[in-house]
1. For region 183-199, take each phi angle, set θ = phi - 60°, evaluate the Karplus expression 6.51 cos²θ - 1.76 cosθ + 1.60, and give the result in whole Hz per residue in order, putting x for glycine and proline.
2. Expected output is a single nm value to one decimal: the length gained when fully extending between residue 102 and residue 61, i.e. 0.36 nm times separation in residues minus the C-alpha distance. What is it?
3. Pairs 293/366; 43/255; 208/255; 225/366; 293/354; 314/366: which are spaced more than 22 Å apart, C-alpha to C-alpha?
4. Can you compute the modelled spin-label distance between residue 381 and residue 323, with each label point 7 Å from Cα toward Cβ, in nm?
5. Sort the following peptides by mean Cβ neighbour count (other Cβ atoms within 10 Å, averaged over residues), highest first: 369-380, 218-229.
6. Taking 0.36 nm per residue of separation and subtracting the Cα-Cα distance, what length does fully extending residue 47 through residue 82 add?
7. Taking H as built 1.01 Å from N, whose amide H comes closer than 5 Å to the amide H of residue 206, not counting residues under 5 places away?
Amino acid sequence: MELRVSYNRYLMAKALTSSLLGMDQGELSAIISEAGEPAYRAKQIMDAVYRQRVETLEEVSTLPQQFRERLAQSGVTVGAARIEKKFVSVDGTVRYLIGFADGQSVETVWMPEGDGGEAGDGSEAGEEAESSGIGTSGAKAQFRETGLNAGLEGLPRPDQHHPDQEHPTQNRNRQNQGRPGGSTICISSQVGCAVDCQFCLTALLGVKRNLTAGEIVGQVCAVLKDQVVSPPEDRINLVFMGMGEPFLNYENFIKASRLLVEGVGIAERRMTVSTAGIVPRIHDFGREAIRPKLAISLNAPNDTLRTRLMPLNKKWNLEMLMTAAREFPLRTREWITFEYVLLGGVNDRAENAKEVAELLRGLRCKVNLIALNPGPGIDFTTPGAEQVGVFQQILRDAGIPAFVRRPRGRDIYAACGQLKRTVEVATSPELQIQSISPATGG
Ligand code: SF4
């Protein structure tokens, strides 16, 4: 009993210096109990923060005024994320710059018609994958022209943002939600990224810090509120594919995933996390009771090429990565997504496709092909649509479902690998990948 009281005091003290956003039912219950309030207040706060997405304590109308004042006097805030800028693409994609209390910011992307590759994301590939229960059998879909080489000429530049502009998508969202797949939010897990993939603009930033669970969930809450949509009534998909490597911020990412399911109301099967290949965490992730689906950023079929494109391959090579993928405990109708960014003349040759097919043979998986999204400071070129089609066909002929992701928001640098804040951040040594310990079993 004494232990319990001390624990509550610890939690209360912790709460008094932090925000409600990011707390789970247990943490809120401890605060409520310590404050001598009835237990159901925890549920009321959960509802207000995650479902109604309030931004201030004043808005939590279910709590007595006196209790709200006591919380405020103790330093408790909601801790809502703040939208600092909005960039709206001609294709309806919106790139948000979202700021936090310490002045740091990340990017979060809203794709009104899905992200073009994940099951349930509203894309053709996603819907097909979901309805066919994709596996090791051959893909059904044929190659489709996806506008990979759509020119950027004449499109607005990224600095032509319109913070206060109401985009037509805001009025269309309810209609879009009537579509089978719904919309997708791409969220960030770190400020910057330490992984240093050579084709990624985010990598140029280095990493500043991890996001807290509240900051990860806060991005979703801010975007849902801005787009005037609400799960589960509206079909919303989440991809952890923004800035940062989620598995290098593992505890906060997992806690955020649980809060998104239990608090915000987004189903696990509508979330996908992408890792560059932090092998120990792939093993850990497979043991989680609540977890998104797994995507692995592959990008090369052999160690020589992968190490060149993704230096972390020196630490966790393809053999280690593929072992983790083969041992990953997939659920019913679940598969692993492998993402493959195609770089002209580098990893997009027919022999590369054959090597990929060999590497993935027998795995319950699909491949999402992404022609490089160009950006300043990236020295690779975007392959032509024909080359992409040849690559895709080789995979399909080998019985591997392969889809070409349509680039979203390229004109506003919102597409894959293009997220880079306007303010550069410094590298923080303690967040480097070298700090990850070997696999904890499995
Ligand atoms: S592709 Fe992902 S993991 Fe690689 S540097 Fe970019 S954000 Fe980091």
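Nothing in this text is a laboratory measurement; each read-out follows from the coordinates by a stated rule. Because the structure is predicted, anything quoted here is derived from the model rather than measured. For neighbour counting, all protein chains shown are included, and Cβ atoms are generated from backbone atoms with ideal geometry for every residue, glycine included.
1. Working through the residues one at a time gives 10, 10, 10, 9, 10, 9, 10, 9, 7, x, 7, 9, 7, 6, 5, 6, 9 Hz.
2. Working: separation 41, 0.36 × 41 = 14.76 nm, distance 2.78 nm.
Contour length minus the Cα-Cα distance gives 12.0 nm.
3. As for pairs spanning more than 22 Å Cα to Cα, those are 225/366; 293/354; 314/366.
4. 3.9 nm
5. Details: 369-380: 18.6, 218-229: 21.1.
Put in order of decreasing packing, that is 218-229, 369-380.
6. Working: separation 35, 0.36 × 35 = 12.60 nm, distance 1.97 nm.
Here the segment from residue 47 to residue 82 would lengthen by 10.6 nm.
7. For residue 206, the qualifying residues are 193.
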